[in-house]
1. Would you say B:T67 is more than 12 Å from ligand 1 (Cβ to nearest atom), more than 14 Å from chain A (Cβ to nearest Cβ) and over 18 Å from the mean Cα position of the chain (by Cα)?
2. How about the range A:79-102: which of its residues are free of Cβ contacts under 8 Å to residues at least 60 places away in the same chain and either within 18 Å of A:I190 (Cα to Cα) or β-branched (V, I, T) (or both)?
3. Mind checking whether some residue in the range B:160-180 is more than 16 Å from ligand 2 (Cβ to nearest atom) and within 14 Å of chain A (Cβ to nearest Cβ)?
4. Look at A:F150 and say whether it is more than 28 Å from A:T241 (Cα to Cα) and assigned to a helix (DSSP H, G or I).
5. So is B:V81 facing another protein chain (nearest Cβ under 9 Å) and either of a type outside the set (A, V, I, L, M, F, W, C) or closer than 15 Å to A:L178 by Cβ (or both) or not?
6. Could you check, for the range B:82-90, whether at least one of its residues is within 16 Å of ligand 1 (Cβ to nearest atom), surrounded by fewer than 20 Cβ atoms within 10 Å (Cβ to Cβ), within 21 Å of the chain's Cα centre (by Cα) and farther than 24 Å from B:M1 by Cβ?
7. If I filter the range B:54-63 down to residues being within 14 Å of chain A (Cβ to nearest Cβ) and open to solvent by 30 Å² or more (accessible area, probe 1.4 Å), which single residue comes out as nearest to ligand 1 (Cβ to nearest atom)?
8. Is there any pair with a first residue in the range B:187-201 that is within 14 Å of chain A (Cβ to nearest Cβ) and a second that is within 16 Å of ligand 2 (Cβ to nearest atom) whose Cβ atoms are under 8 Å apart and which are 6 or more apart or on different chains, and what are they?
Amino acid sequence: MVNSKNENNSKNGEKKGYSFFFDRWWLLLFGVLAIIVLLVIFKPDPFRRIIIFVYDGIWVTIFTTVVSFVLVLIFGLAAGLGRISKNIILNGMATIYVELVRGIPLLVQLMFWYFAFPSVIQEVGNAFAISSFATYRANPFLMAILGLTFCYSAYMSEVYRAGIQSISKGQMEAARSLGMNYFQSMRFIILPQAIRVILPPVGNEFITLLKDSSLVSVVAVADITRRGREFMAANFIPIQTWVMVALLYLVLTLFSARIVTWIERKTKLER
Amino acid sequence: MEPIIHINQIHKYFGHVHALRGVSLDIYKGEVVVVIGPSGSGKSTLLRCINRLEEFDQGQIVVDGITLDSAENINAVRTEVGMVFQQFNLFPHLSVLENVTLAQTVVRKRNPAEAKIIGMQLLEKVGIPEKAQVYPLQLSGGQQQRVAIARALAMNPKIMLFDEPTSALDPEMIQEVLDVMLALAREGMTMVVVSHEMGFARAAANRAILMDEGQIIEEAPPNVLFTNPTNERTKLFLSKVLL
Ligand SMILES: Nc1ncnc2c1ncn2[C@@H]1O[C@H](COP(=O)(O)OP(=O)(O)OP(=O)(O)O)[C@@H](O)[C@H]1O
Ligand SMILES: [Mg+2]
């Protein structure tokens, strides 16, 4: 829905200035921000206290999401290229990876990386007398980012695959017939065109990842959600706590959606 | 004299479709060969085998002394062989000039300034230097096809392959593309052209070849093939095309 609205706007020929950057969706974002500000000013107890308490969690959420997403962009491309590869081994590995990961809930995957994976390493350490393995302890951040990256790279590979396959076969043939090798053709011809196609779904993935990052709260990462739970446990005011947590997520997702749209329009206007 | 393209008994299958059934053909430097034949007869497949866009199942192709077997050889051959497609296949995200310079810098490792000079010369040669900064989709079909020819020429190929270069064009744009091809033929370029443009064939081609059902049925100078075909299938095909 967000996208179709923006398409209309750009078709109307709004090219520069405020109307280009600030459409009505910004109003929604500012509305949410205004509610937060009003709550903090007129009801500092508990809302100001909640914000102060979860503040560091906001940065944890942003950091976890952004780092994971950068990795997802890289590994997702690798997996996506594997999926369209004619090499049976590469293709098979990528396909198995994607199908397995997509069939397991993210929460279960995170549990595995945080609780089970370190135990596996410890067992291996014990079995082969590798002391650094035997005493291995999971770093929550690392495991959270690993878990999110592993899962979302599989989703992202499908986005890349669809984007690349949407470019006509003739483009690759023209590039190859000029003597470019596979990677040169991908880099200079196919990917630059595919990126324009996949920007909306990639933006979607980012926003979904941002929301799903709340699951890392169960593996000891002190993100917004976990800080909210801690606050609630100490103060017993669930309504106010979760309203504020929800508002904070809304600000992040609505803002991300604006940035995605902005990038989309910028790349469209380039030519 | 060694042929510049030597095709020996090649077979190509698409699943159960036997698209090429033992095609042999020698083409010499500077020759212009026009290939005609009904739809599905394997003309495109033959052309695409020459620069290995299509792999063949049996037989041998040698281009300018290079046998098409290893991946290295394929890229070597592809820099020697330019190809022009029915659907132009220009790169829509690059300007006309960038279309013509990209492979020069990436494959031929020319520096950008040199590539640009060569690119502009070629755009002048095909008659649209003023469109250098425009994007392909803003051009007419005929202009796009001329850019596609310039793009292929920028690699200094020894051979040019054309797969129905004018059949996606509006009638009034066909001649401007044929003129460019004719000029190229007069300069001595070795060309293999799949096209039913009889006028071009008569004016430019040394040989015309009729393909049917994956085989070469008849081969003669264009005037002879078009006016005095010996083979029944050639006669049948020409009677349909020349209506
Ligand atoms: N990629 C492919 N997959 C399966 N079959 C194919 C493929 N390409 C071509 N064929 C088949 O091979 C045969 C030869 O096709 P080809 O495209 O070479 O014919 P053509 O002479 O170029 O025809 P046209 O005049 O329609 O372009 C046809 O039967 C066609 O259906
Ligand atoms: Mg064809």
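1. Details: more than 12 Å from ligand 1 (Cβ to nearest atom): yes; more than 14 Å from chain A (Cβ to nearest Cβ): yes; over 18 Å from the mean Cα position of the chain (by Cα): yes.
Judged against the criteria, B:T67 is a match.
2. Of everything in the range A:79-102, those that are free of Cβ contacts under 8 Å to residues at least 60 places away in the same chain and either within 18 Å of A:I190 (Cα to Cα) or β-branched (V, I, T) (or both) turn out to be A:S85, A:K86, A:I88, A:I89, A:T95, A:I96, A:V101.
3. Step one: list which residues in the range B:160-180 are more than 16 Å from ligand 2 (Cβ to nearest atom), which gives B:160, B:170-180.
Filter once more, keeping what is within 14 Å of chain A (Cβ to nearest Cβ): B:160.
Yes; the residues of the range B:160-180 include at least one that is more than 16 Å from ligand 2 (Cβ to nearest atom) and within 14 Å of chain A (Cβ to nearest Cβ).
4. Values: more than 28 Å from A:T241 (Cα to Cα): yes; assigned to a helix (DSSP H, G or I): yes.
Spelling it out, A:F150 is indeed more than 28 Å from A:T241 (Cα to Cα) and assigned to a helix (DSSP H, G or I).
5. Numbers: facing another protein chain (nearest Cβ under 9 Å): yes; either of a type outside the set (A, V, I, L, M, F, W, C) or closer than 15 Å to A:L178 by Cβ (or both): yes.
Criteria met by B:V81.
6. In the first step, residues of the range B:82-90 are kept if they are within 16 Å of ligand 1 (Cβ to nearest atom); the result is B:83-89.
From the residues that got through so far, the ones that are surrounded by fewer than 20 Cβ atoms within 10 Å (Cβ to Cβ) too are B:86-87.
So of that shortlist, the ones also within 21 Å of the chain's Cα centre (by Cα) come out as B:86-87.
From what is left, the residues that are farther than 24 Å from B:M1 by Cβ are B:86-87.
There is at least one residue in the range B:82-90 that is within 16 Å of ligand 1 (Cβ to nearest atom), surrounded by fewer than 20 Cβ atoms within 10 Å (Cβ to Cβ), within 21 Å of the chain's Cα centre (by Cα) and farther than 24 Å from B:M1 by Cβ.
7. The first filter runs over the range B:54-63 and keeps only residues within 14 Å of chain A (Cβ to nearest Cβ), leaving B:54-55, B:63.
Retained after the next criterion (residues that are open to solvent by 30 Å² or more (accessible area, probe 1.4 Å)): B:54-55.
Numbers: B:E54: 8, B:E55: 11 Å.
This residue is B:E54.
8. B:V192/B:V33; B:V192/B:V35; B:V192/B:L47; B:V192/B:I50; B:V192/B:L161; B:V192/B:F162
The values are calculated or read from the model by the stated rules, or taken from the named source; none is laboratory data. Small disclaimer: the values here were computed from a predicted structure and weren't measured. Cβ atoms come from the backbone with ideal geometry, glycine included; neighbour counts cover every protein chain shown. Protein only, heavy atoms only, side chains kept; ligands, DNA and RNA dropped before computing areas. Shrake-Rupley method; radii C 1.70, N 1.55, O 1.52, S 1.80 Å.
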